[in-house]
Amino acid sequence: MTKLILTVFVLTIFFAADAQQIVKLTGEKKPVTVQNLTANADGSVSYTLNGKRWTAPAFSFDYARVPMPPEIKAADKVFADRNFVKAEKLYQIEYEKYKNLGWGIYCITGWAKTLDKLGRVEEALKQLERIRFITSTDPYVKKDEITAKQLYIDLLIKIKDYEAAAVMAESLLVSDDDSVVFLAFERKGDIALFRKDKKKAVREYLQACFLVTDHPRRPEVLYKATVLLKALKDKRWTRFASLLKKQYPNSVYAKKI
């Protein structure tokens, strides 16, 4: 019961923080909660704090963030409805409006996804290339940055630029988020497989599985490693097949092996 109350308390704090307008001024230890936060054309942001209106010039603040704007939610809905032409335009518009308010990378990612759906992969990659030049210490934006990089990797694989994809996947291994590390190793395995290096693919898949044991994709990745070992006539495949069946007896992958 105590654990449940603590979990609810932590989640309440998390979502409350997510719903606030905040500014983190350079040199200050923590962000401050503000009202009426807006971005200006010169890169500055203006806000109300303690009843007074303030403006923080560009480069005088580490980050600023507003809750997800309704316009971005609308763009997501249009994308979900598969109206990709309209979604592309909306993400472009909202990027310009909210790039300095915590939603720049999110909009770039949405924009890139629409371009991919429209068959314009090279253009999508050009948009995602911009994330290399965007830095933020905002923990919420960090999550969006990881999502953008994962999409970047997938699109690089799609155009068979395996070298660039491998470099980007490698950069994700320093993450302190286990799920990100798992996906990075999985993508490294996929890249090795596309390069017809089955042994390396097995190593990458197994690293993902044994470093992160609670990821929802673990049964599938363990299956991929097992199938490759069998194809390589490596007797260890039976050991991993047994492990898959023992740990995930109801998994579709345990039944396929």
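The values are calculated or read from the model by the stated rules, or taken from the named source; none is laboratory data. What you are looking at is a predicted structure, and each value in this text was computed from that prediction instead of being measured. Neighbour counts are summed over all protein chains in view; Cβ atoms, including those assigned to glycine, are modelled from backbone coordinates with ideal geometry. Calculation scope for accessible area: heavy atoms of the full protein, side chains included, ligands and nucleic acids excluded. Shrake-Rupley method; radii C 1.70, N 1.55, O 1.52, S 1.80 Å.
Quick rundown of the values:
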| quantity | calculated |
| --- | --- |
| Filter result for the condition that a residue is small (Gly, Ala, Ser) and either outside any helix (DSSP H, G or I) or farther than 17 Å from Asp144 by Cβ (or both), over Ala75, Ala64, Ala112 | Ala64 |
| Test for Tyr91: is it under 17 Å from Gln127 (Cβ atoms), among the aromatic types (Phe, Trp, Tyr) and either open to solvent by less than 20 Å² (accessible area, probe 1.4 Å) or more than 20 Å from the chain's Cα centre (by Cα) (or both) | yes |
| Hits in the stretch 213-240 - residues which are over 18 Å from Lys199 (Cβ atoms) and either over 30 Å from the mean Cα position of the chain (by Cα) or surrounded by fewer than 14 Cβ atoms within 10 Å (Cβ to Cβ) (or both) | Thr213, Asp214, Pro216 |
| Total residues in the stretch 47-58, condition assigned to a loop (DSSP other than H, G, I, E, B) and surrounded by 14 or more Cβ atoms within 10 Å (Cβ to Cβ) | 0 |
| Search result, residues across the stretch 24-46 that are over 16 Å from Lys97 (Cβ atoms) and either aliphatic (A, V, I, L, M) or part of a strand (DSSP E or B) (or both) | Lys24, Leu25, Val32, Thr33, Val34, Gln35 |
| Exclusive hit being touching a residue at least 12 places away in the same chain (Cβ under 8 Å) and under 26 Å from Thr147 (Cα atoms), set Phe210, Phe194, Phe240 | Phe194 |
